[in-house]
Amino acid sequence: MATKPELLASASSLDELRRFAEAGADAFVIGESRYGVRLPGDFPVEQIAEAVAFAKPRGIRIYAALNNVLDNDTVRTLPGYMKQIVDAGVDAIVFGDPAVLMTARTEAAGVPLHWNAEMTSTNYATAEYWGRRGATRFITARELNMEQVLETKAQSSLEIQVQVHGLTNIYHSKRPLVRNYVDHQSEGAKEQSSQLPGNGVPQGTIEEGLYLMEAERPNERYPIYEDANGTHIMSADDLCMIENLHELMEAGIDSFRIETLLKSAEYNETVIRAYRAAIDAYAADPDGYRFNESWLEAIQALQDPNRELSYGFFYKEQVY
Amino acid sequence: MATKTKPLFTGKRHRLDRPELLAPAGNLEKLKFAVHYGADAVYIGGQHYGLRSNADNFTFEEMKEGVEFADRYGAKVFVATNIYAHNEDLAGLEDYLHGLEKAGIAAIIAADPIIMETAQRVAPKLEVHVSTQQSTMNWQAVQFWKDEGMPRVVLAREASLEEIAEIKANVDVEIEAFIHGAMCSSYSGRCVLSNHFTDRDSNRGGCCQSCRWKYDLYEDDIQVYGMDEDQFTMGSKDLCMLENVPDLIEVGVDSFKIEGRMKSLHYVATVVHAYRRAIDSYMADPDNYELKEEWLHDIQKAANRPLNTGFFYDTPGAEDHIYGPEDKAAPYDFAGVVLSYDESTGLAVIQQRNNFKPGQEVEFFGPNGTAFKQVVGDIADEAGDKLDAARHPLQPIVMRTEQPVQPMDMMRKRIRP
Ligand code: SF4
């Protein structure tokens with residue numbers, strides 16, 4: 001038996017969290033949009049405590065998302081918030097901004113810190129840098145390829161977390177870009193009405209399911225939404241590493257992240273089940289492990305036909 | 001442009017520090033002109049680790065020459081080493097940082113902490129400035145970098161003047177802010193559009209400006225606005241804080257940074273010249289400071305995008321983006337550089353930088369007061385042969401100027417009304 005990597009998901013509510021736990025997720029990252037970024041739902045502190053109460057006896061871990069780009073006002077509230085989530089019993093704090101690291105030294109001593117700066121977490125030496133300052137886990141940028149991910153695991157003393165499924169954020173602005181665009185269209189002399197039923201205008205919320213298309217890439221739909229943290233544009237394809245998960249398991253990657261954002265609960269549940277099955281099969285017998293086509297087929301059956309399943313950047317070469 | 005005239009901070013004024021004017025220099029010539037036109041410091045790119053992959057990037061030899069030139073003006077040279085490195089980029093980093101130190105570079109601007117830490121270890125004479133690519137927005141993160149030994153933090157472009165004031169009140173560290181030029185509309189470093197669209201890594205210099213492309217916005221298979229309407233874009237207007245120099249000085253911004261290592265010589269000289277005059281004039285007599293229209297007009301002569309004040313006063317709205325056609329050509333074009341001037345004859349030798357010919361309206365400007373318009377009269381080559389037009393790049397052209405000029409003064413020509 002090999003040690004099992006963790007299967008990490010996010011959830012939009014306590015109900016969903018229970019459902020995904022049932023499907024096989026054994027860790028969750030949850031939080032509030034003031035401190036965390038691109039969460040599928042908000043968990044106020046009391047609900048974080050409830051999630052912990054549900055998770056602990058089942059051996060499931062709850063991580064608090066504090067990976068936003070923080071402003072002065074939010075930093076002022078950080079010590080109080082951190083104390084509360086530590087009291088709630090979270091198993092780790094996910095951070096990107098050094099202010100969180102500073103505050104954790106006094107308010108969350110001993111709580112593991114996961115460093116996640118998304119697209120700027122790109123090399124193991126920087127992971128070690130944050131490790132020397134207290135981080136225990138490094139979440140690799142999704143733009144790295146397999147070779148870079150494996151080298152990072154080999155070279156770093158930190159736990160390594162890798163996203164294996166779902167969409168990824170490709171652009172984050174503090175500007176309300178959808179509202180600005182709508183304002184532009186309805187301004188002044190030209191006053192354009194939208195082509196939506198009843199001439200309604202989009203607000204940019206995550207529920208609206210807005211997406212962007214670009215003339216040269218007619219088959220690619222880039223989801224876009226706005227929230228208190230600005231505008232987020234997401235990838236047109238969904239990462240799916242189930243066929244090649246053994247490469248990552250062989251290397252001993254510590255945590256596999258499934259991004260549940262912008263997907264139905266049913267879809268996410270199916271995805272979690274599939275990865276659970278793969279992880280369990282590998283752990284039971286690494287040498288005899290075989291990828292089972294039915295795992296992928298179950299995902300494909302629910303996959304949005306407008307969104308391709310892809311290997312992301314795992315097998316790509318990029319130039320610069 | 002959107003003008004915000006209401007003073008942000010009123011009341012008793014404390015002693016004001018003179019800010020540094022920091023200009024981009026895409027090559028050695030631009031470095032010399034930026035310094036000559038009044039930059040207190042310039043930032044450049046070397047052969048590696050910078051976000052502008054460009055044939056013009058400085059070699060160590062060129063850096064040395066640049067540093068020597070800047071020294072004569074008491075100006076400093078910084079090098080941008082602002083990529084987020086991948087594993088394979090790390091080999092060679094120590095040698096490179098060593099080389100910068102030996103070339104006399106005053107500081108590096110770094111985003112990746114491993115580059116910062118390596119510089120502190122192997123090249124202790126280099127100051128390390130935390131790049132805007134870190135998207136630092138709050139005083140505690142600034143405090144973190146100070147504790148790590150960084151004397152300066154370049155703030156995120158999303159920080160407002162009020163937020164900057166609060167950061168300055170809480171942490172005693174140099175604060176640098178972008179005050180002019182093109183802007184990422186994303187948080188710096190938090191955009192990988194280019195990686196997705198073209199397999200080019202934005203955070204290692206491969207950005208292909210995808211935020212300025214045009215997109216169609218859809219909801220449920222319905223295009224929200226029709227084919228004939230302006231398309232969606234993330235593209236932002238350019239930043240210009242020339243009208244707000246007093247606010248920036250009063251909140252305590254230590255370094256005013258101009259964007260544009262890819263911009264032309266004419267652009268850099270023009271923008272530096274405008275801010276130099278505004279800063280000097282304010283520092284000389286803050287109470288009676290008045291913005292001069294001509295500084296703004298000068299900026300407009302080199303601007304190729306509409307301008308705004310970014311996040312300094314409020315969150316950008318619809319009017320701060322460029323829907324519809326993107327760039328407009330600047331109304332003036334660089335025509336020549338003064339090489340020498342003979343007072344006895346009133347003739348100047350001007351190195352051609354763009355075609356010009358007799359009868360055209362031109363304008364001379366320079367850091368030591370040169371500022372006049374004239375119509376080009378007869379022109380000749382250095383042998384004295386009369387020319388109907390100055391057609392050859394870099395050719396020395398002899399012409400009469402209506403007022404005395406100095407070497408490194410520039411001549412621009414009007415290309416559209
Ligand atoms: S595409 Fe635009 S926002 Fe993105 S890195 Fe390039 S300039 Fe910045």
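Descriptive notes on the structure:
- Just one residue in the set B:L291, B:L296, B:L339 is hydrophobic (A, V, I, L, M, F, W, C), assigned to a strand (DSSP E or B) and surrounded by fewer than 21 Cβ atoms within 10 Å (Cβ to Cβ); that residue is B:L339.
- If you go through the stretch B:214-238 and keep only what is assigned to a loop (DSSP other than H, G, I, E, B) and within 14 Å of the ligand (Cβ to nearest atom), you end up with B:K214, B:T233, B:M234, B:G235, B:K237.
- Considering residues of the stretch B:244-265 that are in contact with a strand residue (DSSP E or B) (Cβ under 7 Å, 6 or more places away or on another chain) and not in a loop (DSSP other than H, G, I, E, B) only, the residue farthest from B:D409 (Cα to Cα): B:L248
- From A:Y35, A:Y81, residue being within 26 Å of A:G209 (Cα to Cα) and within 14 Å of another protein chain (Cβ to nearest Cβ): A:Y35
- Note on the stretch A:132-177: residues that are over 17 Å from A:F256 (Cα atoms), touching a Ser or Thr at 6+ places or on another chain (Cβ under 6 Å) and away from the ligand (no atom under 16 Å from the Cβ) amount to 0.
- Count of the stretch B:109-144 residues which are aromatic (F, W, Y) and either free of Cβ contacts under 8 Å to residues at least 12 places away in the same chain or touching a Ser or Thr at 6+ places or on another chain (Cβ under 6 Å) (or both): 1
- For the stretch B:183-213, filtered to residues that are under 15 Å from A:V178 (Cβ atoms) and part of a loop (DSSP other than H, G, I, E, B), the residue that is nearest to the chain's Cα centre (by Cα) is B:S185.
- Candidate set from the stretch B:158-208 (those that are among the polar types (S, T, N, Q), in contact with a Phe, Trp or Tyr (Cβ under 6 Å, 6 or more places away or on another chain) and assigned by TED's automatic domain parsing to the domain that holds B:E250); member that is nearest to the ligand (Cβ to nearest atom): B:S186
- Flag if B:A284 is touching a His at 6+ places or on another chain (Cβ under 9 Å) and either on the phi < 0 side of the Ramachandran plot or surrounded by 21 or more Cβ atoms within 10 Å (Cβ to Cβ) (or both): no
- Residue match in the stretch B:239-249 (condition: in the same structural domain as B:A177 (by TED's automatic domain parsing), within 20 Å of the chain's Cα centre (by Cα) and within 30 Å of A:S235 (Cα to Cα)): yes
- Annotation for the stretch B:239-252: at least one member residue is touching a Gly at 6+ places or on another chain (Cβ under 9 Å) and within 16 Å of the ligand (Cβ to nearest atom).
- Qualifying strands (runs of 3 or more DSSP E) (wholly inside the stretch A:122-192; at least 3 residues being within 11 Å of chain B (Cβ to nearest Cβ) and touching a Leu at 6+ places or on another chain (Cβ under 6 Å)): none
- Every residue from the stretch B:379-417 that is among the charged types (D, E, K, R) and either outside any strand (DSSP E or B) or loosely packed, with under 13 Cβ neighbours inside 10 Å (or both): B:D381, B:E382, B:D385, B:K386, B:D388, B:R391, B:E402, B:D409, B:R416
- With respect to being away from the ligand (no atom under 16 Å from the Cβ), touching a residue at least 24 places away in the same chain (Cβ under 8 Å) and not polar (S, T, N, Q), B:G149 fits the description.
- Subset of the stretch B:314-336 [within 14 Å of another protein chain (Cβ to nearest Cβ), assigned to a loop (DSSP other than H, G, I, E, B) and in contact (Cβ under 8 Å) with a residue 24 or more places away in the chain]: B:D314, B:P316, B:I322, B:Y323, B:G324
- The set of residues from the stretch A:136-157 being more than 27 Å from A:E308 (Cβ to Cβ), within 19 Å of the chain's Cα centre (by Cα) and surrounded by fewer than 24 Cβ atoms within 10 Å (Cβ to Cβ) comprises A:T136, A:R137.
- For the stretch B:201-225, a tally of residues being at pLDDT 85 or above and within 7 Å of chain A (Cβ to nearest Cβ) returns 11.
- In the set (1) within 21 Å of A:E32 (Cβ to Cβ); (2) touching a Ser or Thr at 6+ places or on another chain (Cβ under 6 Å), the condition left unmet by A:D73 is number (2).
The values are calculated or read from the model by the stated rules, or taken from the named source; none is laboratory data. Please read all numbers here as calculations on a predicted model, not as lab measurements. For neighbour counting, all protein chains shown are included, and Cβ atoms are generated from backbone atoms with ideal geometry for every residue, glycine included.
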